[in-house]
1. Please determine, by comparing only the residues of segment 365-383 that are open to solvent by 10 Å² or more (accessible area, probe 1.4 Å) and charged (D, E, K, R), which one is modelled with the lowest pLDDT.
2. With V172, V195 as the choices, which residue is of a type in the set (V, I, T), assigned to a loop (DSSP other than H, G, I, E, B) and under 21 Å from S268 (Cα atoms)?
3. Here is a check on your reading of the model: is A116 of a type in the set (A, V, I, L, M) and open to solvent by less than 20 Å² (accessible area, probe 1.4 Å)?
4. Which pairs do you get when a residue that is more than 18 Å from G216 (Cα to Cα) and open to solvent by 10 Å² or more (accessible area, probe 1.4 Å), found in segment 175-201, comes within reach of a residue that is of a type in the set (G, A, S) and part of a loop (DSSP other than H, G, I, E, B), reach meaning Cβ atoms under 9 angstrom, with the pair 6+ apart or on two chains?
5. From the set of residues in segment 226-245 that are modelled with pLDDT of 95 or more and of a type in the set (S, T, N, Q), which is surrounded by the fewest Cβ atoms within 10 Å (Cβ to Cβ)?
6. Only residues in segment 296-307 that are at negative phi and assigned to a helix (DSSP H, G or I) count as the first member; pair them with residues that are aromatic (F, W, Y) and at pLDDT 95 or above, Cβ under 8 angstrom, at least 6 apart or cross-chain, and list the lot.
7. Of Y262, Y276, which residue is touching a helix residue (DSSP H, G or I) at 6+ places or on another chain (Cβ under 6 Å) and among the hydroxyl-bearing types (S, T, Y)?
8. For segment 401-485, give me every one of the helices (runs of 4 or more DSSP H) that falls completely inside it and has 1 or more residues that are open to solvent by 40 Å² or more (accessible area, probe 1.4 Å).
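The values are calculated or read from the model by the stated rules, or taken from the named source; none is laboratory data. Note that the structure is a prediction, hence the values are computed from the model and not measured. Note: ideal-geometry Cβ built from the backbone for every residue, glycine included; neighbour counts use all protein chains shown. Side chains included, ligands, DNA and RNA excluded: accessible areas come from the protein's heavy atoms. Shrake-Rupley method; radii C 1.70, N 1.55, O 1.52, S 1.80 Å.
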Amino acid sequence: MPPAHPFDDDKLKEECGVFGVVGAADAANFVALGLHALQHRGQEAGGIVSHDPVEGFNSARRFGYVRDNFTKASLMETLPGPLSIGHVRYSTAGSKGAAIRDVQPFFGEFSMGGAAIAHNGNITNAEALRKELIERGSIFQSSSDSECIIHLMARSLQRNIPERMEDALRRVEGAFSIVAMTRTKLIGVRDPLGVRPLVLGKLEGDGWVLSSETCGLDIIGAEYVREIEPGEMVVITASKGVESHFPFRRQASRFCIFEHVYFSRPDSIIGGRSVYETRRQIGVELAKESPVEADLVCPVPDSGTPAAIGFSQESGIPYAMGIIRNQYMGRTFIEPTEQIRNMGVRLKLNVNRALIKGKRVILVDDSVVRGTTSRKIKEMILDAGAAEVHFRIASPPTAWPCFYGVDTPQRDKLLAATMTEEEMREHLTVDSLKFISLDGLYRAVGEAKGRDKKCPQYCDACFSGEYPVIPADQVNKGFELKAAE
């Protein structure tokens with residue numbers, strides 16, 4: 001599977017993907033398929049835990065793609081049972097390229113039995129919690145923030161594992177969508193703001209599924225039931241089905257708007273809306289806000305494609321595949337000299353010269369982070385003989401880091417944090433550069449009146465600098481929040 005974006009050094013990295021199944025024979029096989037569908041959310045490593053009434057808990061954790069590890073019969077036979085959860089990882093907390101001990105799901109043995117937990121998101125007070133827990137005698141096995149939850153559960157005095165999990169999560173700040181399991185139960189929880197996604201599905205018979213996205217349900221033929229609500233905990237058994245309650249104080253939802261822009265697969269459904277249709281509508285809004293005379297609208301593959309289609313449809317300028325992606329290229333495979341390293345871009349993408357030559361080209365991409373990607377693509381387009389290059393970006397300028405489960409560069413590495421739009425245009429040396437406005441993005445995701453400044457409908461901190469949960473660990477390190485207007 002190619003990386004989620006050909007320039008994997010200059011895109012915000014997906015967080016993680018979680019998946020769980022209860023009430024299906026050989027549930028781990030379903031989990032492996034679900035994780036394969038969620039591979040775009042994390043390509044570094046994956047793990048699966050299963051439970052069998054006879055053999056108890058079993059786990060497997062591996063680096064690399066799901067297809068290279070969890071498709072082998074010899075491995076899957078070691079994960080029997082009707083209950084299983086899994087996780088695909090891109091490290092947002094814990095060291096990058098980490099040891100196998102950092103790969104989820106994490107497992108803990110409690111007095112009332114074992115439990116495993118897989119977490120998508122980021123705990124913004126993890127360092128303070130870890131320090132407190134270590135001082136009280138906890139021994140950590142990984143560098144992941146998610147392990148804090150297991151230790152908090154171990155210290156809880158509640159009677160059963162779901163109650164201990166509730167107790168633990170009340171101490172946690174930040175973003176979390178969690179899939180967990182006991183010997184008999186599949187558990188799903190979303191944080192009170194619902195920053196990260198989690199959906200519920202139904203298999204034939206008594207089977208139930210939890211997944212980060214609906215595309216994970218599609219691959220195993222599960223029926224989409226609904227989203228887990230912000231602040232909701234569901235406890236699922238094959239015999240009783242889904243039991244739901246809300247252990248946290250109700251708050252206005254702040255779902256991550258970048259899921260619509262880039263992270264989620266275009267064939268997934270979020271909030272009853274097709275991700276593909278939302279991205280196409282972003283292109284429509286872009287064409288309305290920032291029209292320009294040109295001959296062709298070209299996407300930067302693959303994440304810019306739906307927005308480019310929408311821009312073309314609204315503007316009437318023909319859509320064209322001006323850049324072709326090599327689907328079989330992962331990372332640059334030979335790098336002995338600087339000259340060869342510079343060719344790495346062309347190993348991943350190539351310009352359709354016959355189409356581009358002499359044309360005024362609009363390039364549509366999903367975001368600009370450091371700007372290195374955009375400069376390389378612009379140079380390739382001009383080398384192919386383009387008359388003009390205009391960039392249209394399907395998100396507002398990314399000017400602030402994310403602390404809720406997205407691996408963002410430090411703020412001074414973000415182009416939009418240090419430059420105005422015109423300065424960025426000059427830096428990229430393109431004929432024009434325009435980003436969709438924040439209100440335009442909100443209209444594209446279905447908010448007809450745009451962004452509610454007093455109570456934003458989504459988490460858009462990477463664009464606005466307005467953090468719905470104060471990132472306590474980062475503030476303690478000296479990170480300066482945006483001053484109130």
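1. R370
2. Numbers: V172 fails: under 21 Å from S268 (Cα atoms).
V195 is the lone residue from the list that is of a type in the set (V, I, T), assigned to a loop (DSSP other than H, G, I, E, B) and under 21 Å from S268 (Cα atoms).
3. Answer is yes for this residue.
4. That search, which allows pairs on different chains as well, returns T184/A238; T184/S239; P192/G231; P192/S253; L193/G231; L193/A252; L193/S253.
5. S244
6. If the second residue must be aromatic (F, W, Y) and at pLDDT 95 or above, the pairs left are P306/Y276.
7. Numbers: Y262 fails: touching a helix residue (DSSP H, G or I) at 6+ places or on another chain (Cβ under 6 Å).
From the options Y262, Y276, the qualifying one is Y276.
8. Values: elements: 415-418, 421-428, 438-444, 461-464, 472-476.
Because the criterion is at least 1 residues that are open to solvent by 40 Å² or more (accessible area, probe 1.4 Å), the helices (runs of 4 or more DSSP H) in segment 401-485 that meet it are 415-418, 421-428, 438-444, 472-476.
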